[in-house]
Amino acid sequence: MKSCLPKLKERILSNLPPNRREDVEYEMETLGRVRLWKVEQAQQQILEVVRTLVDQGEIVLEEEGGYIE
């Protein structure tokens with residue numbers, strides 16, 4: 001999440017339980033530099049999970065005029 005847009009980062013963090021949010025924020029602060037390919041790989045993995053959850057009806061994405069691809 002280091003390289004994602006602040007709005008997206010806040011959206012993700014705001015949907016976590018408070019103690020997990022603190023853990024994630026701590027990890028982001030203490031994590032050193034990360035190679036771009038690792039960031040992109042992790043983003044793709046997250047997208048795959050989100051798509052699966054949407055397909056299963058576990059989560060619903062709000063439509064704000066954009067698409068997730």
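Just to confirm the filter: which chymotrypsin sites (Phe, Trp or Tyr not before Pro) across the chain are DSSP coil and have at most 15 other Cβ within 10 angstrom of their Cβ? Present the calculation step by step, with values, prior to reporting the outcome.
Working: sites: Y26, W37, Y67; in loops: Y67.
Counting only loop positions with at most 15 other Cβ atoms within 10 Å, the chymotrypsin sites (Phe, Trp or Tyr not before Pro) in the chain are Y67.
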Report summary line: Rounded to the nearest 10, the angle in degrees between the Cα long axis of helix 18-30 and the longest principal axis of the Cα atoms of the chain comes to 50
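Work out how much length E40 to R21 would gain on full extension: take 0.36 nm times their residue separation and subtract the Cα-Cα distance, in nm to one decimal. Display every interim value, and only then the final one.
Values: separation 19, 0.36 × 19 = 6.84 nm, distance 2.17 nm.
Using 0.36 nm per residue and subtracting the Cα-Cα distance, I get 4.7 nm.
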Query raised in the report: How much of the calculated P(r) for the chain lies past 20 Å, in percent of all Cα pairs?
Result: 37
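Counting other Cβ atoms within 10 Å, which trypsin sites (Lys or Arg not before Pro) in the chain have at most 12 and lie in a DSSP loop?
Details: sites: K2, K7, K9, R11, R20, R21, R33, R35, K38, R51; in loops: K2, R33, R35.
Loop-located and lightly packed - K2, R33, R35.
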**Report entry** 17 Å Cα-Cα reach of K38 towards lysines, excluding residues that sit fewer than 8 places from it in its own chain
**Finding:** K2
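Read the figures in this text as sums done on the coordinates, not as results from a lab. Here the structure is a predicted model, which is why all the values come from computation and not from measurement. Every residue, glycine as well, gets a Cβ built from its backbone with ideal geometry; the counts of neighbours run over all protein chains shown.
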